[in-house]
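Taking it in order: structure first as structure tokens, then the write-up.
The values are calculated or read from the model by the stated rules, or taken from the named source; none is laboratory data. Just so you know, these numbers come straight off a predicted model, no measurement behind them. A quick note on method: Cβ atoms are made from the backbone with ideal geometry, for glycine too, and the neighbour counts reach across all protein chains shown.
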């Protein structure tokens with residue numbers, strides 16, 4: 001009986017405590033929910049502050065419960081006080097485009113540009129056989145070359161060289177150059193200097209002398225052998241030497257050299273070059289050329305055959321201060337009727353120091369317009385100082401014996417200076 005009483009008492013206590021436990025658990029749950037709501041509010045406030053510091057739009061508040069949607073009033077859209085800006089690339093996008101590694105994309109609107117000025121002076125006698133008005137002035141800005149070069153696309157590069165002289169402006173060269181053709185081929189299409197010998201391919205600022213050699217002046221003129229046409233070159237791999245052949249077709253009109261009498265009277269030029277290293281300090285280059293076209297009188301074919309040789313010495317240990325280049329170039333001109341004229345020049349240029357160069361040149365050349373008069377002969381010496389790679393000062397003493405018996409002594413002065421980027425020339 002006593003045990004039964006204890007059990008009844010225990011059950012009564014349990015039933016009495018159960019509501020209290022349940023109520024205590026409800027209070028704890030409610031407290032936890034309140035804490036969570038407070039933490040969420042703090043997190044929302046912190047996010048708004050971070051967005052404000054970053055300049056971004058504040059994070060939208062959490063979506064209201066479904067039962068609260070009816071309590072939200074929809075605000076009218078803001079007045080259109082500002083016009084919407086057009087969709088344009090950001091500055092960083094433009095910079096990314098301009099800094100792209102693709103040379104074609106980066107230079108479409110900004111090609112490599114340069115201006116090279118050639119100021120010349122002269123003291124002494126003048127050539128009595130020059131045409132009136134063609135005599136060299138005592139002081140004159142003889143030429144300014146303006147160059148524009150850029151990649152058109154991954155397959156071609158455009159090259160434009162404008163010659164600005166007291167007589168006007170001329171497109172000296174303007175061509176597209178293709179360097180990614182199969183079978184080791186390269187090509188040029190446009191207006192360019194013919195690959196005949198060495199001196200004919202040089203621009204004014206590349207020559208190691210103030211003037212042109214008599215051979216080039218008498219046979220091709222001061223404007224040299226250049227025309228509109230197509231040029232294709234191929235490298236012939238072999239174990240002996242670097243070998244390159246070039247074939248060129250021109251429209252057939254070169255002042256004083258060729259003149260097209262009919263539409264099919266084109267002019268042609270071929271050149272073969274062999275280059276070989278003799279030692280680690282020296283190399284030699286040999287070339288042969290052949291050109292033909294309709295003569296200026298339209299009565300036959302004018303033909304040229306040429307040979308050029310260049311020896312270079314540049315020691316590895318002293319190459320910055322001492323070097324030597326020896327050149328020889330000669331040609332034979334066969335005129336209609338079997339008349340032949342020829343000419344040559346040979347030169348030696350030595351580097352005295354880092355910025356000083358000296359040289360000597362010998363000339364001998366006939367003249368197609370005065371054949372068969374005696375040959376013109378000349379000897380000259382040069383001294384050149386390079387203040388920097390963008391300027392040079394040169395003096396040249398020249399003595400010329402013209403075929404008609406007149407001897408002319410001259411002192412030539414040259415100052416060249418350049419601005420902008422300028423591509424490398426043919427080696």
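Please determine whether any residue of region 247-259 is loosely packed, with under 14 Cβ neighbours inside 10 Å, part of a loop (DSSP other than H, G, I, E, B) and either in the same structural domain as residue 360 (by TED's automatic domain parsing) or under 28 Å from the mean Cα position of the chain (by Cα) (or both). For region 247-259, residues loosely packed, with under 14 Cβ neighbours inside 10 Å, part of a loop (DSSP other than H, G, I, E, B) and either in the same structural domain as residue 360 (by TED's automatic domain parsing) or under 28 Å from the mean Cα position of the chain (by Cα) (or both): present. Check whether at least one residue in region 212-227 is closer than 24 Å to residue 359 by Cβ, in contact with a helix residue (DSSP H, G or I) (Cβ under 7 Å, 6 or more places away or on another chain) and assigned to a strand (DSSP E or B), and report yes or no. The answer is no; no qualifying residue exists.
Out of all the residues in region 201-219, is one or more farther than 28 Å from residue 401 by Cα and either in contact (Cβ under 8 Å) with a residue 60 or more places away in the chain or surrounded by fewer than 19 Cβ atoms within 10 Å (Cβ to Cβ) (or both)?
Taking region 201-219 and keeping what is farther than 28 Å from residue 401 by Cα, we get none.
Within region 201-219, not a single residue is farther than 28 Å from residue 401 by Cα and either in contact (Cβ under 8 Å) with a residue 60 or more places away in the chain or surrounded by fewer than 19 Cβ atoms within 10 Å (Cβ to Cβ) (or both).
Quick grid of which residues meet (1) surrounded by 14 or more Cβ atoms within 10 Å (Cβ to Cβ); (2) at pLDDT 95 or above:
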| site | (1), (2) |
| --- | --- |
| 361 | yes, yes |
| 367 | yes, no |
| 378 | yes, no |
| 405 | no, no |
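The single residue among 357, 328, 344 that is touching a helix residue (DSSP H, G or I) at 6+ places or on another chain (Cβ under 7 Å) and within 23 Å of residue 395 (Cα to Cα) turns out to be 344. Of all the listed residues (269, 283), the sole one being more than 17 Å from residue 201 (Cα to Cα), in a strand (DSSP E or B) and under 28 Å from the mean Cα position of the chain (by Cα) is 283.
Can you report the number of residues in region 382-413 which are under 33 Å from the mean Cα position of the chain (by Cα) and in a strand (DSSP E or B)? Talk me through it step by step, then tell me what you get.
Within region 382-413, the first condition is being under 33 Å from the mean Cα position of the chain (by Cα), and the residues that meet it are 382-396, 412-413.
From the residues that got through so far, the ones that are in a strand (DSSP E or B) too are 382-388, 391-396, 412-413.
Qualifying residue count for the region: 15.
Scan region 305-317 and give yes if some residue there is at pLDDT 90 or above and exposed (fewer than 15 other Cβ atoms within 10 Å of the Cβ), otherwise no. Reasoning before the result, please.
Kept after step one, since they are at pLDDT 90 or above, are these residues of region 305-317: 305-315.
Filter once more, so that each one left must be exposed (fewer than 15 other Cβ atoms within 10 Å of the Cβ): none.
No, there is no match, as no residue in region 305-317 is at pLDDT 90 or above and exposed (fewer than 15 other Cβ atoms within 10 Å of the Cβ).
Checking the structure you have, find out if any residue of region 155-169 is farther than 22 Å from residue 114 by Cβ and either in contact (Cβ under 8 Å) with a residue 12 or more places away in the chain or touching a strand residue (DSSP E or B) at 6+ places or on another chain (Cβ under 8 Å) (or both). So far as region 155-169 goes, yes, one or more of its residues are farther than 22 Å from residue 114 by Cβ and either in contact (Cβ under 8 Å) with a residue 12 or more places away in the chain or touching a strand residue (DSSP E or B) at 6+ places or on another chain (Cβ under 8 Å) (or both).
Within region 284-296, identify whether any single residue is more than 30 Å from residue 156 (Cα to Cα) and modelled with pLDDT of 95 or more, and answer yes or no. Yes, because at least one residue in region 284-296 is more than 30 Å from residue 156 (Cα to Cα) and modelled with pLDDT of 95 or more.
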